[in-house]
Amino acid sequence: MNHQIPEYTLNDGLKVPAIGFGTYSLKGEEGVESIASAMDTGYRLIDTAYNYENEATVGRAIKQSSIAREELLISSKLPGRYHAHDKALVAIQESLYRADLDYYDLYLIHWPNPKKDMYVEAWQALIEAKKRGYIRSIGVSNFLPEHNDRLIKETGIAPSLNQIELHPFFDQADQREQDKKHGIVNESWSPIGRGNDAVQDILKDENILRIAETHGKTPTQIILRWHVQLGSIPIPKAGSLQHQQENIDIFDFELSTEEMQVISAFNRPDGRLWDQDPSEYEEF
């Protein structure tokens, strides 16, 4: 293993690896051990959020890991209840205190919550937080093209990254194309489907199994490689060392155009798996 992981250069100059590690639901001592293990396995981009209630777990894992802080890229997210400018700045400070960090490498607005219509104000707070040195790079999560267009129109600053629901049932082709126009890199949350039955069935699909056999890889590795070749950064979560090693070992082979099409053929218009349409869904 230990294949060189490619990097993206974000539109503000920050370099990020082509795969990250998701920490949703990893908490407590067990969570610390899993996250530290992921860092030691080779993951450098670690994704958390204020609402995951595990920023402190991530901070403890950084101290427990053998990897120096400056080699890591730690990302967190602002919850909807703190979109107001001054509340957002305090929330970011609290995020840092929890993780016992001097700065976050990436900080995202978790959801646009358009009915409340405060996401531009939240974005202005992230711009200010970056100026203050709290954050190296600022981005968004679950923002639709119209939300990003508005941020750019009203502040002149495009997000560096947009973390979106992306998996074979929902390949987000239009979203990816629109984000690319602004130099926004995409990141795939729940790239394997987070325990969803439909996605688990994909891993047993005969066409996926055939592709896996061709490359001497597992079906999970095939799906993660699909994300990489789409140009989106997958951030799979894995508690066990075995799965952590499996998920990161995807940079020594390439899917053909035909194989990519087989996976993309699972896409459907109503492919969101958790009924979280950012134009309607709100999270606080």
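The values are calculated or read from the model by the stated rules, or taken from the named source; none is laboratory data. Predicted, not measured: the structure shown is a model, and the values here were computed from it. Please note: Cβ atoms are built from the backbone with ideal geometry, for glycine as well, and neighbour counts cover all protein chains shown. Accessible surface is based on the protein model in full, side chains and every heavy atom, while ligands, DNA and RNA are left aside. Shrake-Rupley method; radii C 1.70, N 1.55, O 1.52, S 1.80 Å.
Taking the options 131, 87, 115, 63, name whichever one is closer than 18 Å to residue 158 by Cα and either open to solvent by less than 60 Å² (accessible area, probe 1.4 Å) or at pLDDT 95 or above (or both). Reasoning before the result, please.
Values: 87 fails: closer than 18 Å to residue 158 by Cα; 115 fails: closer than 18 Å to residue 158 by Cα; 63 fails: closer than 18 Å to residue 158 by Cα.
Just a single option satisfies the conditions, and that option is 131.
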Restricting to region 189-218, give me the number of residues that are within 30 Å of residue 151 (Cα to Cα) and in contact with an Asp or Glu (Cβ under 8 Å, 6 or more places away or on another chain).
2
Would you point out the residue of region 51-84, among those that are over 20 Å from the mean Cα position of the chain (by Cα) and polar (S, T, N, Q), that is farthest from residue 7 (Cα to Cα)?
64
Would you kindly identify the helices (runs of 4 or more DSSP H) lying entirely within region 213-279 that contain at least 2 residues that are touching a helix residue (DSSP H, G or I) at 6+ places or on another chain (Cβ under 7 Å) and among the β-branched types (Val, Ile, Thr)?
219-230, 257-264
List, please: which pairs have Cβ atoms under 7 Å, are six or more places apart or on different chains, and start with a residue in region 258-284 that is more than 24 Å from residue 80 (Cβ to Cβ) and without any contact (Cβ under 8 Å) to a residue 60 or more places away in the chain and end with one that is of a type in the set (A, V, I, L, M, F, W, C) and open to solvent by less than 80 Å² (accessible area, probe 1.4 Å)?
259/211; 260/226; 262/211
If you go through region 115-137 one residue at a time, how many are under 18 Å from residue 278 (Cβ atoms) and either more than 21 Å from the chain's Cα centre (by Cα) or free of Cβ contacts under 8 Å to residues at least 40 places away in the same chain (or both)?
8
Suppose we keep only residues that are outside any helix (DSSP H, G or I) and touching a helix residue (DSSP H, G or I) at 6+ places or on another chain (Cβ under 6 Å) within region 61-74. Which one would you say is nearest to residue 17 (Cα to Cα)?
67
What residue, among those in region 48-60 that are part of a helix (DSSP H, G or I) and of a type in the set (D, E, K, R), is least open to solvent (accessible area, probe 1.4 Å)?
55
Within region 164-191, considering residues that are in a loop (DSSP other than H, G, I, E, B) and open to solvent by 30 Å² or more (accessible area, probe 1.4 Å), the one farthest from residue 8 (Cα to Cα):
182
How many residues of region 234-253 are without any contact (Cβ under 8 Å) to a residue 60 or more places away in the chain and surrounded by 12 or more Cβ atoms within 10 Å (Cβ to Cβ)? The answer is 3
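Name every residue in region 18-47 that is touching a residue at least 40 places away in the same chain (Cβ under 8 Å) and open to solvent by less than 10 Å² (accessible area, probe 1.4 Å), in order of residue number. Talk me through it step by step, then tell me what you get.
First pass over region 18-47, keeping only residues touching a residue at least 40 places away in the same chain (Cβ under 8 Å): 18-26, 30, 34, 37-38, 41-43, 45, 47.
Hits for region 18-47 are 18, 19, 20, 21, 22, 23, 38, 43, 45, 47.
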Do the conditions hold for residue 152, that is, is it open to solvent by 10 Å² or more (accessible area, probe 1.4 Å) and β-branched (Val, Ile, Thr)?
yes
Qualifying positions in region 117-163 - of a type in the set (S, T, N, Q) and part of a helix (DSSP H, G or I)
124, 148, 155
